[in-house]
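Notes follow once the structure below has been shown.
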Amino acid sequence: MFPGIDGFHWTVAHILFLSLFFAVALTIAATVISAAWRTARDFRTHRATELCWNSDFADLPQSDRRCRHELAGRVISRTCDNAFDCRHCNQYSQFAVLPARAMMHDLGLHYPQDRLYHRGHTWVHAEEDGTVTIGLDELAHHLIGNPDSVNLPEPGSEIELNQTAWRMTKNGNHIQVRAPLEGTVVAIGGPKDGWYLKLRPRLDPETPRPCVTFFVVRKFTAGCPANSSACSYNSGRSMPRPAWPMEEPFSLT
Amino acid sequence: MASTALTGSSLTDGNLSDKNLPDKKWIPRDANRTSLPRFLLWLAPWAALLALGIYAAGLCLYYGLNQTNMDNRFAFGLWIFLDLGVIALGAGAFFTGFLVYILKRAELRPILNTAVVVGFICYSGAVGILGIDVGQPLRFWFTFWHPNTHSMLTEVTFCISCYLVVLCLEYIPILLRNRQLRKLPSFLVFEHQLHKLVPVLAGVGTLLSFFHQGSLGGLYGVLRGRPFAFRQGIFIWPSTFFLFILSAIATGPSFLMLVTAAVERVTNKQLVPRDLFRRLGFISGVLLGVYVAAKSIDTLIWLNITSPSAGFAAWQYYIYKPFGTPILFVEIVLFGLLPAFLLTYHRTAAHRGWLLSAAALACCGVLLNRFVLTVQTLALPTLAFDEFLHYTPSWQEVASFGGVLAWGVIVYSLSYRYLPMFAPLKGEDTHVSGD
């Protein structure tokens, strides 16, 4: 195998054969190492979340991939193929100019228009100091009421987009709430405050970033293209359908 | 106490408490699978066979090859036939990868996962059985540390070992797509990144497979002391080197067809697009036609030039029963020319029954070829005082053989149940009943 080992001879056959073998072995090893290095890089650059979302989106049934314009009543039926990233939608501008017809008020739910809504049933409200406030939307509030206990992250901790933002219990059921965006927790509230978290978004509002999981919170990314959902979505009228794949039924009984 | 996330998908997904599917959270979303007890019932006899095979293998490793009916004269038996057979049938893995990733034949993508799993099963089974045959598992590294670079077996060992690693790496992304495993972000991202590099692995796998398939054939072609197998060739490679490659890539797609059709039959579902079998059949048929032509030319050269020059008239090989001339006819015509025609002729290829029958014939052909080269080569006398040898495998050999078969069925069954092996078909009636 190597010079100095019994059986090795400095012949063309030995050199050629072992060179080929080592070339193949090195290629295989380099492939694995490369995949591992890229994985670590994706976690460092927070791209892992985007990849996870794209993978989960592909796993969603068609009924959970309904286009936001369908939810807003602008089109009768449409399925999203862009992981809810409206920047990559060729038909976005065509639909965005149509009037939204879905009025959540008709269903007895109140969705203020001064904030943005995530499919995980949270809302995000931009504050003047550059932070954002996060709370539960009307539907979740009606379903849960006053939770028995709330487990909020400590101020200063980081939360990731679409990962667990906080946990609650109600009637013995554990409920985890997905984060509508990533950033650092600067203050915590509670059910009585009407909001749960105050967050400083990780990325500078001026920094363009990929519109990944967001159905709504693109308003904060000033660098987004003019036709992206980030810059134009502000109606708050459409019922935000959850997009995260679920493994267990949501039950409060 | 239920644990939920505050998202609405769960509101519509209320089937999880099905008592017959306690493993439902491991099953791909929207996939319809049979109940767990029924699945375990299906696995039970295979698990028993695998256990018997492991026991027999343990006997062979502990007591040595005296547990088999092989001896110094009949050194290749059922196990080597099994190795050659499954390695040829598993060639669909590298060849499909080559067609999809290198030649960009995207229409074959729906069968890629099956190809990888079948390849993994075949090669892991082959390496396992080789490990028993060679023995002394604690000294497995000797073959790498002290390689005999003039031996075709060294090339085979190196290539098969490396290719099994490649197949494992190709299998990992499929494995990590399991519904529960993908919940771990690190697994999911690693799967994504590894999947992006699979074309590199497909290229490496093609190179390795090309050489080890060829070297397995070359192994027989260089046996000067066995005129039945000895062949002339090109440079250092006897003609069997190229014939083995051709026959493997010709029957690999046919075997994939058969496996998929068998799974469709068992599960009563259509798993791949309707025209995919026809495409695979055409590829298989064309290559089989080329193989039959090359094999015929090779046989004529061997009968008229190679063998006589070694002092043997061709008829001498076929006077011992059951290895008469019909076996040559069956191998070339019935299991070669006929399936090649059926797979490529548009009328028979359009009929699923003909297509699958032809694929089965092609697979039988490659198995018969490996059997003849392994068993008939050693059974025939080569010296004046030699006798025609008889060999019947011992129960340990047969049980080990069965163990490999059971290993394949179990791995494939588990993969099918818990991994997204087949993408959902669009616009086709995909579901008939549970499986």
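Is there a residue being in a helix (DSSP H, G or I) and closer than 23 Å to B:Ser284 by Cβ anywhere in the stretch B:298-312? Scanning the stretch B:298-312 turns up at least one residue that is in a helix (DSSP H, G or I) and closer than 23 Å to B:Ser284 by Cβ.
Of the set (1) surrounded by fewer than 18 Cβ atoms within 10 Å (Cβ to Cβ); (2) modelled with pLDDT under 95, all apply to B:Phe277 but (1).
What's the total number of residues in the stretch B:346-382 that are in contact (Cβ under 8 Å) with a residue 40 or more places away in the chain and aromatic (Phe, Trp, Tyr)? Can you show your working first?
Applying the first criterion (in contact (Cβ under 8 Å) with a residue 40 or more places away in the chain) to the stretch B:346-382 yields B:349-350, B:352, B:355-356, B:358-360, B:362-363, B:365-380, B:382.
With aromatic (Phe, Trp, Tyr) added as a condition, the list becomes B:371.
Of the residues in the stretch B:346-382, 1 are in contact (Cβ under 8 Å) with a residue 40 or more places away in the chain and aromatic (Phe, Trp, Tyr).
Step by step: first the residues of the stretch A:60-85, then only those that are among the acidic types (Asp, Glu) and touching a residue at least 12 places away in the same chain (Cβ under 8 Å), then the one that is surrounded by the fewest Cβ atoms within 10 Å (Cβ to Cβ). Which residue is that? Top of the filtered list is A:Asp81. If you go through the stretch A:2-24 and keep only what is touching a Phe, Trp or Tyr at 6+ places or on another chain (Cβ under 7 Å) and within 17 Å of B:Tyr163 (Cα to Cα), you end up with just A:Phe21.
The residues listed here are A:His141, A:His121; of these, the one that is surrounded by 16 or more Cβ atoms within 10 Å (Cβ to Cβ) and in contact with a Leu (Cβ under 6 Å, 6 or more places away or on another chain) is A:His121. Of all residues in the stretch B:160-185, those that are within 16 Å of B:Leu112 (Cβ to Cβ) and more than 10 Å from every other protein chain (Cβ to nearest Cβ) have Cβ atoms under 8 Å from Cβ atoms of residues that are β-branched (Val, Ile, Thr) and surrounded by 20 or more Cβ atoms within 10 Å (Cβ to Cβ), 6 or more apart or on another chain, in B:Leu167/B:Val116; B:Glu170/B:Val116; B:Glu170/B:Val198; B:Tyr171/B:Val116; B:Tyr171/B:Val117; B:Ile174/B:Val116; B:Ile174/B:Val117. What is the residue count in the stretch A:148-169 for residues that are modelled with pLDDT of 85 or more and either buried (at least 19 other Cβ atoms within 10 Å of the Cβ) or among the small types (Gly, Ala, Ser) (or both)? Looking only at that region, the number is 8. Does A:Leu51 satisfy being modelled with pLDDT under 85, buried (at least 19 other Cβ atoms within 10 Å of the Cβ), touching a His at 6+ places or on another chain (Cβ under 6 Å) and assigned by TED's automatic domain parsing to the domain that holds A:Ala96? Yes, satisfied. For the stretch B:22-44, the condition of being in contact (Cβ under 8 Å) with a residue 12 or more places away in the chain, in a helix (DSSP H, G or I) and of a type in the set (Gly, Ala, Ser) holds for none of the residues.
Table: residues versus (1) in contact with a helix residue (DSSP H, G or I) (Cβ under 9 Å, 6 or more places away or on another chain); (2) in a helix (DSSP H, G or I).
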site	(1), (2)
B:Ser186	yes, yes
B:Phe190	yes, yes
B:His195	yes, yes
B:Gly214	yes, yes
B:Pro227	yes, no
B:Phe230	yes, no
B:Ala248	yes, yes
B:Ser254	yes, yes
B:Glu264	no, yes
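A:Thr133 satisfies every condition listed in (1) touching an Asp or Glu at 6+ places or on another chain (Cβ under 9 Å); (2) surrounded by fewer than 17 Cβ atoms within 10 Å (Cβ to Cβ); (3) of a type outside the set (A, V, I, L, M, F, W, C); (4) away from chain B (no Cβ under 14 Å) except (2). Within the stretch B:12-35, track down each residue that is at pLDDT below 80, of a type in the set (A, V, I, L, M) and closer than 16 Å to A:Gln62 by Cβ. Matches in the stretch B:12-35: none.
For the stretch B:192-217, the candidate set comprises residues that are of a type outside the set (A, V, I, L, M, F, W, C), within 14 Å of another protein chain (Cβ to nearest Cβ) and touching a residue at least 40 places away in the same chain (Cβ under 8 Å); within that set, the residue that is nearest to B:Phe76 (Cα to Cα) is B:Ser215. The helices (runs of 4 or more DSSP H) found entirely in the stretch A:4-113 that carry 2 or more residues being within 11 Å of chain B (Cβ to nearest Cβ) are A:12-44, A:47-59.
The values are calculated or read from the model by the stated rules, or taken from the named source; none is laboratory data. The shown structure was predicted, so the numbers you read here are calculated from the model rather than taken from an experiment. All Cβ positions, even for glycine, are placed from backbone atoms using ideal geometry, and neighbour counts span all protein chains on display.
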